[in-house]
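Novice: Mind having a look at this structure? Questions to follow.
The values are calculated or read from the model by the stated rules, or taken from the named source; none is laboratory data. Bear in mind that the values here come from a model prediction, so they are computed numbers and not experimental data. Cβ atoms come from the backbone with ideal geometry, glycine included; neighbour counts cover every protein chain shown. With ligands, DNA and RNA removed, areas are computed over all heavy atoms of the protein, side chains included. Shrake-Rupley method; radii C 1.70, N 1.55, O 1.52, S 1.80 Å.
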Amino acid sequence: MESRVFQMAIPLFIASLMAAILSPSIAVSLSKASFEDNFDIMFSESNFKTSKDGEIWYLSLDKVTGCGFQTKHKYRFGWFSMKLKLVGGDSAGVVTAYYMCTDVDASPTRDELDFEFLGNRTGEPYLIQTNVYKNGTGGREMRHVLWFDPTEEYHTYSVLWNDHQIVFFVDRVPIRVYKNNGKPNNFFPNEKPMYLFSSIWNADDWATRGGLEKTDWKKAPFVSSYKDFSVDGCQWKDLTLLVFLTTTKNWWDQKPSWHLTDSQKKDYAWVKRNLVIYDYCEDAERYDAPMEECSLNPFD
Ligand SMILES: *[C@@H]1O[C@H](CO)[C@@H](O)[C@H](O)[C@H]1NC(C)=O
Ligand SMILES: *[C@@H]1O[C@H](CO)[C@@H](O)[C@H](O)[C@H]1NC(C)=O
């Protein structure tokens, strides 16, 4: 039936209408969206709360369990953004994660883009860890310190994802740029649509000073707060045929979004000079030779 779309005789406007209907992904712009409209709780409903007006969401970790939520829909490419205020005070051992992933469970073939916030003892700096997975393989960690205390105010954490680059932003400052060299079978996740997730859990076996600092359960519950979720992206519809009809008119897919802007380049260079404390590309103890993508120029 679908093949009729492609008959030359069909007037252009009908063809494009059909394309819009049959296209596997549709462009959506969500903001100020309510929790129920966009998300499901993944685990521990009891550790999830919202403010009275529903605008702020709280995830808590206690000795029994953490908590997590995920989007109802999958997306492939777009701009994904959320404001977070992280667990304050003594948060050693506690990890808040905000990430995109193909699957609900950590499947062995998942693609994933991670922001992880690693808590610390009172007054010691949080670290932000980012990672990229393709088909179940990760190992692309970077760690940064921040230029503010992320537990005092809400700050915006965003991901730009298109076929050319993945950029992790903090308050619109690009802290990490991950490029696609366009070669087949390279380590760039661009095929599988992903859900967006967030969760809080105990990771005191590794998170703070490599696991030396343990979670102090006397300080529980540990609470991270969220607001202003927004997406400008392609919401995936499970009509996997006709992929080639996907529109490329969205700003996040357009040429200006394939590269950093000049002012973003300046910001990025500043981050690189001042805030990076770990980069897998420079870890010769861990990897005999840097991964292929390490040679790509973030400014290209
Ligand atoms: C993805 O990983 C699975 C299992 O680890 C493997 O069998 C499969 O060949 C991989 N696929 C690609 C495209 O590399
Ligand atoms: C926690 O604080 C210590 C001491 O300042 C620092 O070395 C470490 O990088 C901080 N962050 C983590 C996640 O360990």
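Novice: Taking the stretch 263-297, which GluC sites (Glu not before Pro) meet the DSSP loop condition and have no more than 11 other C-beta atoms within 10 Å?
Specialist: 285
Novice: Take the eigenvalues of the Cα gyration tensor for the stretch 37-141, scale each by 5, and report the square roots as semi-axes in whole Å, largest first.
Specialist: The three semi-axes for the stretch 37-141 are 23, 20, 13 Å.
Novice: Between residue 219 and residue 269, take the C-beta separation as r, use R0 = 35 Å, and let me know the FRET efficiency to the nearest 0.05.
Specialist: The formula returns an efficiency of 0.40 here.
Novice: Roughly what angle does helix 12-22 make with the longest principal axis of the chain, taking Cα atoms, 0 to 90 degrees, to the nearest 10?
Specialist: Between the helix axis and the principal axis of the chain, the angle is about 40 degrees.
Novice: Now for a separate question. Pick out which of 286, 209, 110 has the largest mean-square fluctuation in a Gaussian network model of the chain, springs linking Cα atoms closer than 10 Å.
Specialist: Its mean-square fluctuation being the largest, the pick is 286.
Novice: Quick check for you: with a 1.4 Å probe and neighbouring chains kept, what is the accessible area per residue of the stretch 107-214, in Å²?
Specialist: Counting only protein heavy atoms, the per-residue value for the stretch 107-214 is 37 Å².
Novice: Divide by every residue of the chain the summed helix terms, -39500 (n - 2.57) for each DSSP H run of at least 4, and state the resulting mean residue ellipticity at 222 nm, rounded to the nearest 500 deg cm²/dmol.
Specialist: Value at 222 nm, helices only, nearest 500: -2500 deg cm²/dmol.
Novice: Pop the C-beta distance of residue 49 and residue 122 into the FRET formula with R0 = 22 Å and round what comes out to the nearest 0.05.
Specialist: 0.40
Novice: Follow-up question, since we're still on this one. Please check: in the Gaussian network model of the chain (C-alpha springs, under 10 Å), which one of 220, 207, 92 has the largest mean-square fluctuation.
Specialist: 220
Novice: Sorted from largest to smallest, which semi-axis lengths in Å does the alpha carbon gyration tensor of the stretch 77-216 give for its equivalent ellipsoid, taking the root of 5 times each eigenvalue?
Specialist: 27, 17, 13
Novice: Ranked from highest to lowest mean number of other Cβ atoms within 10 Å per residue, what is the order of the peptides 252-259, 59-66?
Specialist: Going by the mean number of other Cβ atoms within 10 Å, highest first, we get 59-66, 252-259.
Novice: Considering the chain, which cysteines have no disulfide-compatible partner, defined as another cysteine with its Cβ under 4.7 Å away?
Specialist: If one checks each Cβ against the other cysteines of the chain, 67, 101, 234 turn up with nothing under 4.7 Å.
Novice: Report, to the nearest whole %, how much of the accessible area of the stretch 32-77 belongs to carbon and sulfur atoms, 1.4 Å probe, protein only.
Specialist: Heavy-atom surface of the stretch 32-77 belonging to carbon and sulfur, 1.4 Å probe: 49 percent.
Novice: Also, I was wondering about something else. Based on the Cα gyration tensor of the stretch 157-300, what are the three equivalent ellipsoid semi-axes, each the root of five times an eigenvalue, rounded to whole Å and given largest first?
Specialist: Semi-axes from the Cα gyration tensor: 30, 23, 17 Å.
Novice: Take the Cα radius of gyration of the chain and divide it by 2.2 N^0.38 Å, with N its residue count; two decimals is plenty.
Specialist: Taking the Cα Rg and dividing by 2.2 N^0.38 Å, one obtains 1.05.
Novice: Testing the spin-label approximation: label points 7 Å from Cα along Cα→Cβ at residue 141 and residue 72. State their distance in nm.
Specialist: For the pair residue 141/residue 72, the computed spacing is 3.6 nm.
Novice: Just the Kirkwood number for the stretch 111-166, please: inverse of mean 1/r across all distinct Cα pairs, in Å, one decimal.
Specialist: 12.9 Å
Novice: Using only Cα atoms, what Kirkwood radius does the stretch 81-152 have, in angstroms?
Specialist: Kirkwood radius, the stretch 81-152: 13.1 Å.
Novice: Given a 10 angstrom Cα cut-off, can you work out which residue in 278, 154, 126 is the most mobile in a GNM of the chain?
Specialist: 278
Novice: Which length gain, in nm to one decimal place, applies between residue 289 and residue 181 when the Cα-Cα distance is subtracted from 0.36 nm times their residue separation?
Specialist: My answer for the length gained is 37.1 nm.
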